[in-house]
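K.L.:
Can you keep this structure in mind? I'll have questions shortly.
The values are calculated or read from the model by the stated rules, or taken from the named source; none is laboratory data. These numbers were taken from a predicted model, which means no experiment stands behind them. For neighbour counting, all protein chains shown are included, and Cβ atoms are generated from backbone atoms with ideal geometry for every residue, glycine included.
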Amino acid sequence: MFKKPVLFVSLLLAASLMLCPALATTTFTDAHGNQIELDTSLESYAPFALYGADNAARKNETNLGDLWTDALYWFAASGRIDEFFEEDDVLNGSASVDVPQDHIVALWNGGNLRADIPAGRFNAETLAQVLPYPNKVAVVYMTGAQLTEALEAASQGLPFSADTEAACASFMQVSGVCYTVDLTKGYDAGEPYGDHWFKAASLGRVTVTLEDGTPVEPDELFAVITSNANFNGMDSSYIFKQAAEENERSTITTAVVRDVIWMYLNEALSGRVPETYAEPAGRIVLAE
């Protein structure tokens, strides 16, 4: 007498599964050898190519660099970042970005943009080709003087050449501020740092302004949104590591960078990259 209800429930469950198919995924091996599952149902559209391949983002500002850093800036400025702070940050009252919105800056090194996004529809696997590293979003609080030094050190390989390709991996794409690199001046190389870089012995090659053209003051506080790799001093990012150690509110969140790019594409851009990204926005000037 109990068989019919059990059979009915089984049939109902089977029908439900047919109506709700399994999530479409593909396996991707990242640059650290980790096997990760990507949701291939995530899609967006760009009516033009976004450039990151062939060292494009190591040479100059690119439209992909603009999109990438805008996504990180949006993540912080919108408050979406708040739910991704670690428990310790919540307990010590640091679970938000604590500067005015015009003092939020996103920086992303060109060596961490590895592929183009071709015109047309693209998915999570495309983004994984662009960023094959398991980077997480980090917040580094630094002064205007430290921000200027960070950008000076990051630009030390410019102008790009075959000899400076490795050093130019540190060159920063940017959102939230603008900067100029005076290529008529040489980089004042100080103490060696890593395999390809030197700390800045003095400054003067890079000038930084807010988006409205206001000069960045040395003692102003900025929240720099970047990757955990830069937070930990990768490439030329010695000043990131130093600044993070000096300000205990600096932290690495639980947010995966590729996921944040999807949030921006879907929530802020409604799944379509607008024409404003067809060309670089002019945030970086390489003055010769």
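K.L.:
Working carefully through the options E279, E246, E275, find the one that is over 21 Å from L67 (Cα atoms) and out of contact with any Lys or Arg (no Cβ under 9 Å at 6 or more places or on another chain). Steps first, please.
P.N.:
Values: E279 fails: over 21 Å from L67 (Cα atoms); E275 fails: over 21 Å from L67 (Cα atoms).
Sole residue among the options that is over 21 Å from L67 (Cα atoms) and out of contact with any Lys or Arg (no Cβ under 9 Å at 6 or more places or on another chain): E246.
K.L.:
Only one of (1) small (G, A, S); (2) out of contact with any Gly (no Cβ under 6 Å at 6 or more places or on another chain); (3) outside any loop (DSSP other than H, G, I, E, B) is not met by S161, so which one is it?
P.N.:
(3)
K.L.:
Any chance region 125-139 includes a residue that's surrounded by fewer than 19 Cβ atoms within 10 Å (Cβ to Cβ), part of a helix (DSSP H, G or I), in contact with a Ser or Thr (Cβ under 8 Å, 6 or more places away or on another chain) and in contact (Cβ under 8 Å) with a residue 60 or more places away in the chain?
P.N.:
Scanning region 125-139, I find at least one residue that is surrounded by fewer than 19 Cβ atoms within 10 Å (Cβ to Cβ), part of a helix (DSSP H, G or I), in contact with a Ser or Thr (Cβ under 8 Å, 6 or more places away or on another chain) and in contact (Cβ under 8 Å) with a residue 60 or more places away in the chain, so the answer is yes.
K.L.:
Output the residue which, of all residues in region 140-158 that are assigned to a loop (DSSP other than H, G, I, E, B) and closer than 30 Å to R249 by Cα, is farthest from the chain's Cα centre (by Cα).
P.N.:
To start, the set of residues in region 140-158 that are assigned to a loop (DSSP other than H, G, I, E, B) comprises 155-158.
Okay, now just the ones that are also closer than 30 Å to R249 by Cα, so 155-156.
Numbers: S155: 17, Q156: 20 Å.
Among those that are assigned to a loop (DSSP other than H, G, I, E, B) and closer than 30 Å to R249 by Cα, it is Q156.
K.L.:
Which of the residues spanning region 63-119 are among the hydrophobic types (A, V, I, L, M, F, W, C), over 25 Å from R272 (Cβ atoms) and surrounded by fewer than 16 Cβ atoms within 10 Å (Cβ to Cβ)?
P.N.:
Scanning region 63-119 gives V90, L91.
K.L.:
Let me ask something else. Yes or no: region 264-279 includes at least one residue that is closer than 30 Å to E165 by Cβ, surrounded by fewer than 17 Cβ atoms within 10 Å (Cβ to Cβ) and among the acidic types (D, E).
P.N.:
Yes, there is a match, as at least one residue in region 264-279 is closer than 30 Å to E165 by Cβ, surrounded by fewer than 17 Cβ atoms within 10 Å (Cβ to Cβ) and among the acidic types (D, E).
K.L.:
Quick check on my filter: what residues within region 256-288 are farther than 16 Å from A124 by Cβ, out of contact with any Ser or Thr (no Cβ under 9 Å at 6 or more places or on another chain) and either of a type in the set (F, W, Y) or assigned to a helix (DSSP H, G or I) (or both)?
P.N.:
Scanning region 256-288 gives E275, T276, Y277.
K.L.:
S202 is checked against (1) over 14 Å from G111 (Cα atoms); (2) buried (at least 20 other Cβ atoms within 10 Å of the Cβ); (3) not charged (D, E, K, R) and fails just one. What number does that condition carry?
P.N.:
Going through the list (1) over 14 Å from G111 (Cα atoms); (2) buried (at least 20 other Cβ atoms within 10 Å of the Cβ); (3) not charged (D, E, K, R), S202 breaks only (2).
K.L.:
Further question on the same structure: Take A115 and decide whether it is touching a helix residue (DSSP H, G or I) at 6+ places or on another chain (Cβ under 6 Å), within 30 Å of A153 (Cβ to Cβ) and in a loop (DSSP other than H, G, I, E, B). Show your work before the answer.
P.N.:
Working: touching a helix residue (DSSP H, G or I) at 6+ places or on another chain (Cβ under 6 Å): yes; within 30 Å of A153 (Cβ to Cβ): yes; in a loop (DSSP other than H, G, I, E, B): yes.
Considered against the rule, which asks whether it is touching a helix residue (DSSP H, G or I) at 6+ places or on another chain (Cβ under 6 Å), within 30 Å of A153 (Cβ to Cβ) and in a loop (DSSP other than H, G, I, E, B), A115 comes out as yes.
K.L.:
Taking the condition of being among the aliphatic types (A, V, I, L, M) and more than 15 Å from E149 (Cβ to Cβ), how many residues in region 175-192 meet it?
P.N.:
Of the residues in region 175-192, the ones among the aliphatic types (A, V, I, L, M) are 177, 181, 183, 189.
After this cut, where a residue has to be more than 15 Å from E149 (Cβ to Cβ) as well, the list is 183.
Final tally of qualifying residues: 1.
K.L.:
While we're looking at this one, here's another question. Could you tell me whether region 172-187 includes any residue that is more than 19 Å from H103 (Cβ to Cβ), surrounded by 12 or more Cβ atoms within 10 Å (Cβ to Cβ) and acidic (D, E)? Before you say what the answer is, go through the steps one by one.
P.N.:
The initial filter retains those residues of region 172-187 that are more than 19 Å from H103 (Cβ to Cβ), namely 180-187.
So of that shortlist, the ones also surrounded by 12 or more Cβ atoms within 10 Å (Cβ to Cβ) come out as 180-183, 187.
Now restrict to residues that are acidic (D, E): 182.
Yes, some residue in region 172-187 is more than 19 Å from H103 (Cβ to Cβ), surrounded by 12 or more Cβ atoms within 10 Å (Cβ to Cβ) and acidic (D, E).
K.L.:
Select the helices (runs of 4 or more DSSP H) contained entirely in region 40-110, then report the ones holding at least 1 residues which are in contact with a Phe, Trp or Tyr (Cβ under 6 Å, 6 or more places away or on another chain) and hydroxyl-bearing (S, T, Y).
P.N.:
On the way: elements: 56-59, 63-77, 87-91.
So the answer is 63-77.
K.L.:
Right, here's the next one. For region 180-203, what are the residues that are without any contact (Cβ under 8 Å) to a residue 24 or more places away in the chain and not polar (S, T, N, Q)? So that I can check it myself, show each step before the final result.
P.N.:
From region 180-203, those without any contact (Cβ under 8 Å) to a residue 24 or more places away in the chain are 185-186, 188, 190-192, 201-202; that's our starting set.
Selection gives K185, G186, D188, G190, E191, P192, A201.
K.L.:
So, one more: For region 1-57, how many residues meet the condition of being charged (D, E, K, R), over 30 Å from T276 (Cα atoms) and modelled with pLDDT of 55 or more? First the steps, then the outcome.
P.N.:
Initial filter on region 1-57 (charged (D, E, K, R)): 3-4, 30, 37, 39, 43, 54.
Of the ones still in play, those that are also over 30 Å from T276 (Cα atoms) are 3-4, 30, 37.
Now restrict to residues that are modelled with pLDDT of 55 or more: 30, 37.
So the count comes out to 2.
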